[in-house]
1. Starting from the Cα gyration tensor of region 159-268, take the square roots of the eigenvalues, sort them a ≥ b ≥ c, and report rounded, prolate or oblate (rounded when a/c is under 1.5, otherwise prolate if a/b is larger than b/c, else oblate).
2. Within 10 Å of each residue's Cβ, count the other Cβ atoms and sort Leu246, Leu82, Leu473 from fewest upward.
3. Mind pulling up the Rg/Rh value for region 254-338? Radius of gyration and Kirkwood radius, both on Cα.
4. Under the classification rounded if a/c is under 1.5, otherwise prolate if a/b is larger than b/c and oblate if not, where does region 25-405 fall, given a ≥ b ≥ c as square roots of the Cα gyration tensor eigenvalues?
5. For region 199-284, with only Lys/Arg (+1) and Asp/Glu (-1) charged at the beta-carbon, what is the dipole magnitude about the Cα centre, in debye rounded to 20?
6. Mind giving me the nanometre distance, one decimal, between the label points for Ser222 and Ala206, set 7 Å out from Cα along Cα→Cβ?
7. Quick one: which of Lys445/Lys483; Lys245/Lys479; Lys104/Lys245; Lys104/Lys486 span more than 26 angstrom between C-alpha atoms?
8. Cross-link candidates for Lys57: which aspartates and glutamates have Cα within less than 13 Å, leaving aside residues fewer than 8 places away along the same chain?
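Nothing in this text is a laboratory measurement; each read-out follows from the coordinates by a stated rule. Just so you know, these numbers come straight off a predicted model, no measurement behind them. Note that we place each Cβ from the backbone using ideal geometry, even for glycine, and neighbour counts take in every protein chain shown.
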Amino acid sequence: MTYIIRTWAISLAFALLSLQLIALPGSADNHTPSQVADIVAGGSGSNPVRGAVLNGKYYFNAYDPVNHYELWVFDGTNPPTLVQDIWAGAASGYPNGFVVFGNKLYFRADDGINGNELWVYDGTNPATMVQDIRAGANGSYPTSLTVFNDKLYFDANNGIDGGELWVYDGTNPATMVADIYGGANSGSPRFFNVLNNKLYFAASSAASGNELWVYDGTNPPSLAADIYAGASGSWVYDLTVFQDKLYFQANDGINGSELWSYDGASASLAQDIRPLASSGNPGGLTVLSNKLYFSANNGTDGYELWSYDGTNPAAMVEDIRPGANSSSPSELTVFEDRLYFLANDGTNGTELWVYDGTNATGFDMNQTGSGIEDFMGPNGQLVSTSMGMFFSAMDGITGHELWRIAPAPVVVPTAKTNAGSFNGYVAVYAKGHKGKTLSWKIAGKWYKKKITSDYQVFQRKTAAVGLNVGVHLYIDGKKQLTKTVKTR
């Protein structure tokens, strides 16, 4: 009997078809990277920026000498093509912050007239500006675009209230949810994540500084935890859901910036990685196989890869760059049950590394013969999608171009568990349980259905792209599977 969890915004019909052999083009069996295309021939590079998948196509920002940084698309087979020159001519529209909402692609872009504003693309018609929130050429600069309860939330500056929390329902004009800081100063809400159907984020206020805030979608946002009392603030950073709690970096003024958790009622210090007032600075919090991985500095080994199981003390996974120098793991990204990240071992420069959650050591992808030379611009930009893991890299011949590790072929009937993601939907599959009752808990909310066929799929929209969602599956009341899925 098989239980499979996938997060895909797909129809039921396509979901059932996906129970057959799934394979995408590219070298996938050994997870070897391959270059998608040399968009700018020669050594200059197109410097692709992190994108998102809409309807089976990968959209991203890339440079060419004629149009500069604009919107591009890759269909998985043919070479990428320019979608639209948003800022016509040799200037850059620089679309960024992509998120899928209501089966459309939303992002920030500059058309040269209205400044950086919120834009939308439906995959067919030309991309258009959703709203000129801040009239004039300065733009409202919407950031941290996040889907919550079928609405799009983001930080934007209307030129009067500073950068504050805004919402867009897909139809009516976007509106400011609350002026958290008050006046022209910015609350700067960011690091959005969802726990128990509430939206949590870091934001600043005049009274409390930068702290953890919560919004239920109805009542005004409120302070969830004042970790560092007073106006200084704890500077909450990198919110991630793990084992039905929020984990993040914060500074209480005593222990430095360390790993904290929040259970929906109160916040507490989870791990003091670098004791006393010094800071361990845990960053890049990412969940793989029921463990929390991150980069941290214990004061002895520099910034290295660490893990935490929620119970025992956090431990360094490996000292990739021995001694006090740091390998500085960054861009921690889960793809097909492996943790990929960028690190510098002191010999090969910043390269792509991988860790499977079991072996004590990762390995430098450059040693596999992939030919990748460098990840220095712009920072690798790792992004895990249903079409593969995309990133920017150079091989010593071309400049920084779009690369991909394609998904491995998946034979679903023999799979025991799996995870994919798209647009905040979680789909729960059951095979061989006709006539039984399927119950599942997603992001703290329960669902229950009778299984009426040998292959059954149920899907729910639960959270925004890039969030870790806890899923618990039961058959006839008996627990079968617990899984943390990162939506995208």
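1. In terms of gyration-tensor shape, oblate.
2. Leu82, Leu473, Leu246
3. 0.97
4. Since a/c reaches 1.5 but b/c is at least a/b, the shape of region 25-405 is classed as oblate.
5. On the way: 2 positive and 9 negative charges, 26 e Å.
The dipole of region 199-284 has a size of about 120 debye.
6. 2.2 nm
7. In this structure, Lys104/Lys245 exceed 26 Å between Cα atoms.
8. In chain and number order, the partners are Asp75, Asp122.
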